[in-house]
Amino acid sequence: MGPKLLLLTMLIGMSSAYTYYLQVKTADKSWASTGGPVYVTFYGTYGRTYNFGNLGKMSTGSDKLFTRASSTYIGSIQCISIKMGTSNGWMPDSLIAWASYDVLHKAYFYSYYQWYSTNTGEGINEKKFCKQGDTTYSITATTANARSAGSDNIWASVSIIGSRGTTETGILGAQLKDMYFAKGSTNRMVFHGMKDVGCIHCIIVKTRNTDAWLFSSITVQKVGAGSKPVTFHNHGTVWLSSDSTRQLKLCNRSKKK
């Protein structure tokens, strides 16, 4: 191999030294798809950025993995931004970003029943998401065994409040078949990339649609050795719906010995 060819080979290798990944799940809701363009930017440590570019067409309920080769090093991925280039609205459920040089530290971002569009009457044009942390929590929800207690259109999330702050899950139903919490059922959902809130004190269950849901209990547990589940009961039998009670805060009733 001649010197010029060797130099060219080295330059080509340097131009794509890193690979950036973005896994995008579009909400399973009517009209959630878009033809694009949807532009994404990565933000790393020390203010470094990488223009990930246009995602293109996104289909309802799809789960797509995008990759980009680049010579740009941005360090640990801390945030991403979405900017719409079309009035054709889009509703993502979650986005996961990581780099080839840091595959063990994926950044998880959750969108909460939010529409994106250049038409401000349909949604917001752009948004920047920043990672909450690197902790994983499981949420186990038991739906009451009462008439019409189930829901397939409640779009609920859980904020976990603890001794070290607050963190919020993504949409619970997005991990279930057809978004359905069946009457009398118990469903376990797992959320990565959350903040470690320490000792769990309270939860806030938030809803974002007019459908009604009645749960009897929700159990929260940090995934990992030595962690204990914390269960919150809906003693007041409060139905959740954006028509009535949009959110419900429940706290431990621990007693001092």
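Applying a threshold of 7 Å to beta carbon distances and a minimum spacing of six or more residues, or different chains, the list of pairs starting in the range 125-138 at a residue that is closer than 15 Å to Cys79 by Cβ and ending at one that is open to solvent by 30 Å² or more (accessible area, probe 1.4 Å) and modelled with pLDDT under 95 reads Asp134/His105. In a residue-by-residue description of the range 193-208, the property of being modelled with pLDDT under 95 and open to solvent by less than 30 Å² (accessible area, probe 1.4 Å) applies to at least one position. Would you confirm, using the coordinates I've provided, whether Glu126 is over 30 Å from Lys195 (Cβ atoms) and among the acidic types (Asp, Glu)? Judged against the criteria, Glu126 is not a match. If you filter the range 90-125 down to residues that are under 17 Å from Gln175 (Cα atoms), out of contact with any Leu (no Cβ under 8 Å at 6 or more places or on another chain) and outside any strand (DSSP E or B), you find that the one that is least open to solvent (accessible area, probe 1.4 Å) is Met91. Would you call Gly35 in contact with a Lys or Arg (Cβ under 7 Å, 6 or more places away or on another chain) and either surrounded by fewer than 16 Cβ atoms within 10 Å (Cβ to Cβ) or hydroxyl-bearing (Ser, Thr, Tyr) (or both)? Criteria met by Gly35.
Within the range 157-181, restricting attention to residues that are at pLDDT below 95, touching a strand residue (DSSP E or B) at 6+ places or on another chain (Cβ under 9 Å) and farther than 26 Å from Trp98 by Cβ, the residue that is least open to solvent (accessible area, probe 1.4 Å) is Met179.
Would you call Ser59 in contact with a His (Cβ under 7 Å, 6 or more places away or on another chain) and either of a type outside the set (Val, Ile, Thr) or open to solvent by less than 60 Å² (accessible area, probe 1.4 Å) (or both)?
On the way: in contact with a His (Cβ under 7 Å, 6 or more places away or on another chain): no; either of a type outside the set (Val, Ile, Thr) or open to solvent by less than 60 Å² (accessible area, probe 1.4 Å) (or both): yes.
Criteria not met by Ser59.
Do we find a residue being part of a loop (DSSP other than H, G, I, E, B), over 23 Å from Leu176 (Cα atoms), modelled with pLDDT of 95 or more and open to solvent by less than 50 Å² (accessible area, probe 1.4 Å) anywhere in the range 126-143? Yes, the range 126-143 has at least one match. Run down Lys222, Lys249, Lys257, Lys228 and say which single residue is farther than 17 Å from Ala141 by Cβ, modelled with pLDDT of 90 or more, open to solvent by 30 Å² or more (accessible area, probe 1.4 Å) and among the charged types (D, E, K, R). After applying the criteria, what remains is Lys228. For the range 68-80, name all the residues that are surrounded by fewer than 17 Cβ atoms within 10 Å (Cβ to Cβ) and assigned to a strand (DSSP E or B). Residues satisfying the conditions are Ala69, Cys79. The residues of the range 1-54 that are farther than 19 Å from Ser100 by Cα, among the β-branched types (Val, Ile, Thr) and modelled with pLDDT under 95 amount to a single one, Thr9.
The values are calculated or read from the model by the stated rules, or taken from the named source; none is laboratory data. Everything numeric here is computed off the predicted structure, so don't read it as measured data. Note that each Cβ is placed from the backbone with ideal geometry, even for glycine, and that neighbours are counted across all protein chains shown. Calculation scope for accessible area: heavy atoms of the full protein, side chains included, ligands and nucleic acids excluded. Shrake-Rupley method; radii C 1.70, N 1.55, O 1.52, S 1.80 Å.
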